[in-house]
Each structure stands twice: as C-alpha cells, then as structure tokens.
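In what follows, a structure is listed as structure tokens, so that the remarks can point back to it.
Readers should treat all values here as calculations from the given coordinates under stated rules, not as data from a laboratory. Predicted model, so just to flag it, every value in this text is computed and none were measured. Note: ideal-geometry Cβ built from the backbone for every residue, glycine included; neighbour counts use all protein chains shown.
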Amino acid sequence: MDRLLFLFATGLARGAVFALFALSLVLIWRAARMINFAQGAMALVATYVAFAATAATGSYWIGLAIGILAGAATGWGAERGVMRFVPHGRPLTGVIVAIGLVMVLQAVLGFLFGPQFRPMRTPFDDSPITVGGIPLLSPYDLFVLITALVIMAGLALLFTRTSLGLQLRAAAFAPEVSRILGVRVSRMVTIGWVLSSAVAALAAMLLVPTELGLNPHATDMLFVYAFAVAVVGGLDSPAGALLGGLTVGVAMTLVTGYLGATAAPIGVLVLLVVVLLIKPGGIFSMKEVRGA
Amino acid sequence: MSMNPRTHSAARTIAIGAALTVLAIGGTFLLDPYWNFQLATIAATLCAAAGLTILLGHSGQLSLGHAALMAAGGYGYALTVNALTDAGIVGLPRFLIGLIAAIALAGALGWLLGLAAARLRGPYLAGVTLALVIAVPAVATVFSGVLRGDQGLQIAFEPVPEFLSTLIAVEQWQAWVAIAVAGVVITWLVILTRGRLGLRMRAVRDDEIAARLGGVHAGRTKVAAFVVSAVSAGAGGAVLCFVTQSVSPGAYTLAFSLLLVVAVVLGGLGRIGGAVIGSVLIVMLPWLIGAAVGAFSLPAEVQQRLAGNLPLLVFGALLVIVMLVIPAGLAGILPRRAPRIRAAQADASESTTPRHITER
C-alpha cells in the first residue's frame with residue numbers, strides 16, 4: 001500500500017512533465033495543424049544549452065532560464081528555417097521533414113557531446129519526504145509538479161484572457177478571415193512554435209535529471225510518452241493534455257514500479273493501441289476532432 | 001489466341017525479375033568476400049525498403065517502425081531454424097521453413113498494425129509505429145527466456161552447399177541467397193502494385209471517399225497494404241539473420257527504422273528503383289564517410305564521433321531537402337518510361353509516384 005501511494009505520488013510529478021510536453025505538442029497542433037515529431041530533439045538541444053550554461057555559471061536557475069530561451073530560439077529557427085516550407089494539408093510530409101530534423105539535431109549533439117550519459121543536477125533534494133511514515137514526493141518532484149501546473153495555468157490565461165491569445169486562436173482556426181481582420185497570421189504561427197518549444201524545453205529540463213541523464217537520445221522516450229498523452233487527451237484539448245498526462249504518468253510509473261523499467265515501452269504501446277482502437281479522438285476530447 | 005493482358009504483364013515482370021536477379025548473382029563474381037557481404041546486407045535492406053515504399057508511396061501510410069517488422073522476421077527465422085536444427089533438419093528445407101515462419105510472424109504483426117492503421121489518420125499511425133520500434137528491446141528483455149534479451153539469438157552456421165563449395169566462398173553464397181529472396185520479393189511487389197491491389201491502394205490514398213463510392217473497401221485495402229509491406233520486411237529480417245547468423249534488438253533500433261524511411265524518400269516514394277538506390281545509399285554512405293574521415297589525420301575521438309554522426313547528419317539533411325525540394329526523389333530525376341498501358345491517359349494520379357501524400 002505504501003509503495004502504491006509512493007508510486008502514485010511520483011507518477012503525478014512525472015505525469016505533470018508529460019502533460020507539459022504534450023501541451024507543447026497541442027500548441028503546435030493548434031497553431032500549424034501538425035504533429036511535430038522533432039519536438040523531443042528540439043527540447044534536447046535546449047537542455048544541452050542549459051547544461052552547458054549551468055556548468056559555466058554554477059547556477060541551476062541561470063541554466064534553466066537560458067535553456068528556456070534556447071528552446072524558444074530553436075522553435076523560431078525550426079519554424080522559419082524548415083517547417084514553414086512544408087506544404088499545407090500534407091501532414092505526412094511534415095512528419096518526414098521533422099524526422100529529418102531529428103536526425104540532424106541528434107547528429108550535431110552526438111558530435112559535440114558524445115554518446116555518454118551526463119548526470120544533471122537538481123536544485124532540490126530528490127529523496128522522498130515521509131508523511132506519516134509513508135515516503136511520498138521528493139522536494140524536487142513537488143517543484144516539478146508546481147512549475148508544470150503554474151506554466152499550464154499561465155498558458156490558459158494567455159490563450160483565454162489576452163489579445164495575443166485571441167489572435168493566436170483566431171489565426172489557427174480561421175486563417176483567411178483573421179488575415180482580413182488584420183491578424184498577422186504567419187507571425188502568429190511562429191509565436192505558436194516559439195511558445196511551444198519553450199514549453200517543451202522546460203519539460204525536458206525538468207524530466208532529464210530524474211532519468212538516466214543527458215544523452216543525444218534522452219528525449220526519444222519523452223516524445224513517445226507525450227505523444228501517447230496527446231492521443232489519450234485528444235490533440236485539440238489543453239485540459240485533455242493535463243488529464244491525459246497525469247493518467248499516463250501514473251500508469252507508467254505503476255508499470256515501471258511493479259513490472260520493472262524495461263516494461264514501460266511495452267506499457268505505453270499497449271495503452272496507445274487500446275486508446276486509438278477504442279476512441280481514436282482521445283478519451284478526454286468531447287468534440288469530434290476537427291479535420292486538418 | 002492472345003494471352004490475357006494481366007497474365008501477360010505478370011509473365012513479363014517475372015521474366016524481367018528473373019533476368020535481373022541472375023544478372024545480380026553473376027555480379028557477385030566481380031566482388032571480394034567483404035563486398036559480397038555488403039551486397040547481401042543491401043539485398044536484405046532492400047526487401048524492407050521496397051515493402052515500405054509500397055506502403056508509403058502507393059497506400060499513403062507512413063510506418064516509422066519497419067525495423068520492428070524486420071526484427072519480427074529475424075526472430076521468427078532464428079527461433080524456427082534453431083528448433084529445426086535440434087530436430088535434425090538442415091540445408092534448404094531448414095532455410096525455406098525458417099523463411100516462411102519469418103514471413104508469417106512479420107505478416108501477423110503487420111496485420112495487427114494494419115487493423116490499427118485502418119482506423120487511424122497518418123500522423124497517429126506514425127506515432128504508433130514509432131512506439132512499436134522503441135518497444136523492441138523491451139520485448140526482447142521481458143521475454144528474455146525465449147528471445148535472450150539484449151544479447152539476442154544465434155543460429156547455426158549455414159555452409160555453402162557441397163556442389164558449390166569448391167567454386168565460391170561463403171559470403172558469395174550468402175549474397176546469392178539474399179539476392180534470390182530480394183528478387184522474388186520485389187517481383188511479387190511489382191506484380192501486386194500493377195494489379196488490382198495497387199489500383200485500390202492508390203484510389204484510397206488519393207481520395208478515400210471517392211474510392212469507397214467506387215466500391216473499394218478502404219479498410220481492407222489499408223490492411224492488405226500493411227500485410228504486404230510487413231511480409232517484405234519480414235523476409236528482409238530473415239535474410240539479414242541468415243547472413244549475420246544472429247538477431248538482436250541492437251540491430252533494429254529506431255535509428256535503423258528511420259534510415260529505412262530515408263532510403264525510401266531519397267530514392268523516390270513508391271518506386272522500386274528508388275528503393276534500390278536508397279538501400280545502396282544507406283548501406284554505402286556510412287562506409288564512404290567512415291573511409292573519408294579516416295583519410296584525415298584527426299584525433300581518434302573526433303574521428304570516431306565524426307564517423308558515427310556525420311552519416312546521420314547527411315541523411316537527415318537530405319531527407320529534409322529531398323522532401324521539400326524534389327519530392328519525387330532521386331529516381332524522379334532520371335527520365336522514366338511512360339506507363340505502358342496508360343500512356344494515352346496523361347493523368348498524373350495514375351502514376352505510381354504520388355503527387356501528394358494525403359492523410360486520409
């Protein structure tokens with residue numbers, strides 16, 4: 001029972017990171033109607049930048065801030081440099097181009113930093129706090145959980161309460177009409193990418209210290225998890241991404257905890273197939289997913 | 001008196017396929033054992049790439065997990081061959097039964113994927129196949145009692161048959177077998193795509209609703225495309241296992257799976273000739289780059305990192321450039337023969353190269 005509670009609590013923290021990363025996929029999906037398969041590799045570039053910045057300055061927080069900026073810059077570069085040239089209405093072309101981008105980024109990282117795992121430090125202790133004799137979350141998990149929830153709340157406010165958010169949504173849903181009304185649609189798409197990859201970078205930086213360490217393939221699995229989350233939650237729904245993220249996080253932590261870490265990729269595959277076969281639009285999406 | 005056009009066309013394809021296979025087998029006499037081994041690897045890769053190019057080019061479905069289907073073929077072959085060796089069966093029967101088992105296992109996995117594919121739209125399917133190939137090492141570890149985890153399975157050495165043993169080395173014999181299997185697989189794929197199934201796949205790819213109205217069962221067509229593609233990949237996995245005498249998860253990584261996509265895209269979607277160009281490229285280019293890097297006197301670590309990552313960089317950049325600039329691929333640059341039967345109708349949608357890949 002103690003173990004179940006512990007796994008559940010840890011799962012929530014991991015789930016919050018998955019949710020955050022999945023939310024970044026949702027952001028791009030809403031802005032450009034594209035699933036960005038390069039999101040993991042792009043976030044990894046930012047994580048390496050953060051790692052280098054932390055090593056140079058000695059401060060985790062400066063590294064984190066620079067990493068988020070690097071994430072935003074990567075998003076800008078990927079959109080302006082590559083993804084904007086993908087023709088509309090050809091999602092598979094987008095997927096293949098993104099795969100090419102993944103290979104390029106991983107090759108560059110592999111060349112610069114080598115294949116070894118580099119441990120990343122955490123700003124807080126990562127051994128669990130005991131509550132009433134039961135080990136629960138670590139301070140770091142708590143930090144992760146709160147950060148993820150705050151960022152998600154901030155994004156929700158941005159999209160629902162600000163003029164920029166309104167323009168972003170308008171540009172995504174009715175580009176032609178928005179353009180006539182004076183919204184700079186192409187700029188909005190770029191802003192969507194920048195926001196999205198900054199969020200993805202943050203998620204990767206929060207997750208990597210709890211895993212094996214930094215390596216050119218450190219976010220492969222994160223992308224698969226987040227893809228599963230986006231599918232479970234429905235690609236169109238930020239609330240779905242949160243619920244889906246927590247669900248997948250807890251489910252995968254339970255699988256890892258009881259069956260071993262090797263079973264996790266099988267668990268996520270089974271989950272994906274079951275959800276897609278039963279409810280292809282996602283469990284938490286109420287409306288039918290709009291066509292691309 | 002005259003033959004049915006379809007039968008005639010199939011007979012022609014078989015004749016051409018047989019001629020090219022014999023030609024390639026003859027070509028092995030020009031190569032030393034090392035290059036015959038490479039040739040066998042190319043032939044095994046070609047089986048999978050040809051299957052993938054049909055799936056992506058003709059039926060518009062993207063699989064990022066074809067390495068997993070090859071792995072299914074490899075494991076199917078190794079398990080069967082080991083069981084047959086224990087039962088005292090050797091030689092050609094052992095190889096053929098192993099090959100059939102490999103095809104059956106990969107085909108079954110492809111059928112399951114196809115069932116999922118029939119209900120999914122493009123990017124979702126790509127995600128599921130990605131999750132599949134990432135799960136390969138996990139499957140090998142969880143079922144390590146049978147699959148032996150990361151270490152994988154070894155199979156008995158298959159010597160050159162006695163009547164040839166004075167004539168050719170074992171690598172050349174392996175190349176012969178690999179080329180023969182690839183020849184059969186590709187001839188079969190060409191016949192299928194020129195026939196009814198190919199027509200249905202392209203109809204569903206271009207406009208699923210119109211295809212349904214025309215009486216094409218879209219779901220069944222997608223499943224069939226996946227099974228055909230998986231069978232080809234399974235045959236490739238079996239051949240690779242035959243050539244290397246082992247199968248392990250390390251050989252079927254995500255990176256290898258993405259390389260198959262690279263092979264298909266670089267060569268030109270939906271073109272068998274493109275799959276040939278692509279397979280040669282993905283086997284040869286890393287070797288060439290390794291040799292080129294070795295020619296410079298660089299520190300050992302830099303050299304190692306360059307040799308390991310430069311091919312990936314080149315392939316990734318080529319993938320982006322080809323996809324955005326010349327979607328018809330390298331084979332599309334060469335002039336090509338107008339399709340025999342439909343030359344009169346200059347309709348691009350009838351051609352085997354997709355104008356676009358739709359997600360429908």
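Distance between the C-alpha centres of region B:231-292 and region A:167-181: 44 Å, rounded to the whole angstrom. Please find, in a Gaussian network model of chain A (springs between Cα atoms separated by less than 10 Å), the residue of A:VAL185, A:VAL194, A:VAL150 whose mean-square fluctuation is greatest. Its mean-square fluctuation being the largest, the pick is A:VAL150.
Report, in deg cm²/dmol and to the nearest 500, the calculated mean residue ellipticity at 222 nm for the protein assembly as shown, where each DSSP H run with n ≥ 4 adds -39500 (n - 2.57) and the sum is divided by the residue count.
Details: 26 runs with 464 residues, N = 652.
The helix-only estimate for the protein assembly as shown comes to -24000 deg cm²/dmol at 222 nm.
Highest mobility in the GNM of chain B, judged by mean-square fluctuation with C-alpha springs under 10 Å and restricted to B:ALA138, B:ALA50, B:ALA225, is found for B:ALA138. For chain B, a/c is less than 1.5, where a ≥ b ≥ c are the root eigenvalues of the C-alpha gyration tensor. That puts it in the rounded class. 3J(HN,Hα) couplings calculated from phi for region B:96-111 with the Karplus curve 6.51 cos²θ - 1.76 cosθ + 1.60 (θ = phi - 60°) are, in sequence order, 5, 5, x, 4, 5, 4, 4, 5, 5, 5, 5, x, 5, 5, x, 5 Hz; Gly and Pro show x.
Counting other Cβ atoms within 10 Å as a rough exposure proxy, the listed residues B:HIS66, B:HIS58, A:HIS217, A:HIS88 run A:HIS88, A:HIS217, B:HIS58, B:HIS66 from fewest neighbours to most.
Counting only Cα atoms, I'd like the Rg/Rh figure for the protein assembly as shown, Kirkwood definition for Rh.
Details: Rg = 25.5 Å, Rh = 25.9 Å.
Over the Cα atoms of the protein assembly as shown, Rg/Rh equals 0.98.
With a ≥ b ≥ c the root eigenvalues of the C-alpha gyration tensor of region A:133-233, is it rounded (a/c under 1.5), prolate (a/b larger than b/c) or oblate? Can you show the working numbers first?
Values: a/c = 2.92, a/b = 2.00, b/c = 1.46.
Cα axes put region A:133-233 in the prolate bin.
With viscosity set to 0.692 mPa s and temperature to 37 °C, compute the Stokes-Einstein D of chain A, Rh being the Kirkwood radius across alpha carbon pairs; µm²/s, no decimals. All intermediate terms of the calculation are to be shown ahead of the outcome.
Numbers: Rh = 19.3 Å.
Diffusion coefficient, whole number: 170 µm²/s.
Listed by Cβ neighbour count within 10 Å, with the fewest neighbours leading, B:PHE29, B:PHE37 appear as B:PHE29, B:PHE37.
Working from Cα pairs under 8 Å separated by at least six residues, relative contact order for region B:5-253 is 42 percent.
Please report, in debye to the nearest 20, how large the charge dipole of chain B is about its Cα centre when each Lys and Arg carries +1 at its beta carbon and each Asp and Glu carries -1 there. Provide the component values of the computation, followed by the final result.
Details: 22 positive and 13 negative charges, 291 e Å.
Once rounded to the nearest 20, the dipole reads 1400 debye.
Not counting the cut sites, what is the longest span of chain A without chymotrypsin sites (Phe, Trp or Tyr not before Pro) that DSSP labels loop and that have at most 16 other Cβ atoms within 10 Å? Please report the intermediate quantities before stating the final value.
On the way: sites that count: A:PHE117, A:PHE124.
Between exposed loop sites, the widest span is A:125-292.
Taking one equal scatterer on every alpha-carbon of region B:64-120, how large is log10 of I(q)/I(0) by Debye at q = 0.21, 0.22 1/Å? Scattering profile of region B:64-120, log10 relative to I(0): -0.72, -0.77. Between the amide H of A:GLY89 and any residue lying 5 or more places away or on another chain, no distance stays under 5 Å, with hydrogens modeled in the peptide plane.
Between B:TRP287, B:TRP188, B:TRP176, the GNM of chain B built on Cα springs shorter than 10 angstrom shows B:TRP287 fluctuating the most.
Taking a ≥ b ≥ c as the square roots of the eigenvalues of the Cα gyration tensor, region B:1-159 is classed as oblate, since a/c reaches at least 1.5 and a/b does not exceed b/c. Between amide H atoms placed 1.01 Å from N, distances below 5 Å from A:MET120 occur with A:LEU214, all of them 5 or more places distant or on a separate chain. Applying the Karplus relation 6.51 cos²θ - 1.76 cosθ + 1.60 with θ = phi - 60° to region B:160-173 yields 3J(HN,Hα) values of 5, x, 4, 5, 10, 4, 7, 8, 10, 7, 5, 5, 5, 4 Hz, where x marks Gly and Pro. With Cα atoms defining each centre, region B:177-195 and region B:48-113 are spaced 15 Å apart in the structure.
Sorted fewest first by neighbouring Cβ atoms within 10 angstrom, B:ILE54, A:ILE191 come out as A:ILE191, B:ILE54. Close amide H partners of B:SER246, meaning residues 5 or more places away or on another chain with modelled amide H under 5 Å apart, are B:ILE155.
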